[in-house]
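A.B. asks: Here you go, one structure.
Nothing in this text is a laboratory measurement; each read-out follows from the coordinates by a stated rule. Given the structure is predicted, the values throughout are model-derived calculations rather than measurements. When we count neighbours, we look across all protein chains shown, and the Cβ atoms used for this are built from the backbone with ideal geometry, even at glycine.
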Amino acid sequence: MKVLCSEIENCYEINFIEVGADEDHVHFLVQSVPTLSITKIVTVIKSVTARGIFKEHPKIRKEQLWGGNFWTSGYYANTVGKHNNEKTIQEYVQNQGKKYEKLYRGQLKLFEGLP
């Protein structure tokens, strides 16, 4: 996941500040230029990461997702502004998965320790 996020940063004007995984979802704190819409940012992240993961690990699609999609069609997005400061959101993303760490250690490794 880290490599894929780095590739996105190199090709698009999207900067990953934090990536956090919880029981069944992922949180991204990103920074981008105002000319990229939130929909475009989400589309880029979902398509590039899914393609990369399926290319590197083809068994995931066949054995774990039964030929399905890596990401769901929905998403939640919020912006940092007057009422949401970056530090608060960054801490929230960093703390994702803490209570599930022991139960889902294998899942969390997808996002940890990759070159």
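A.B. asks: Over all directions, how big on average is the projection of the convex hull of the alpha-carbon atoms in the range 1-81, in square nanometres?
C.D. replies: 5.7
A.B. asks: Sticking with this structure for a sec: What spacing in nm lies between the two simple spin-label points modelled at residue 92 and residue 1, each 7 Å away from Cα in the Cβ direction?
C.D. replies: It is 1.7 nm.
A.B. asks: Let me ask something additional. Please give the length that would be gained between residue 23 and residue 37 if that part of the chain were fully extended, namely 0.36 nm times their separation in residues minus their C-alpha to C-alpha distance (nm, one decimal).
C.D. replies: Length gained, residue 23 through residue 37: 2.3 nm.
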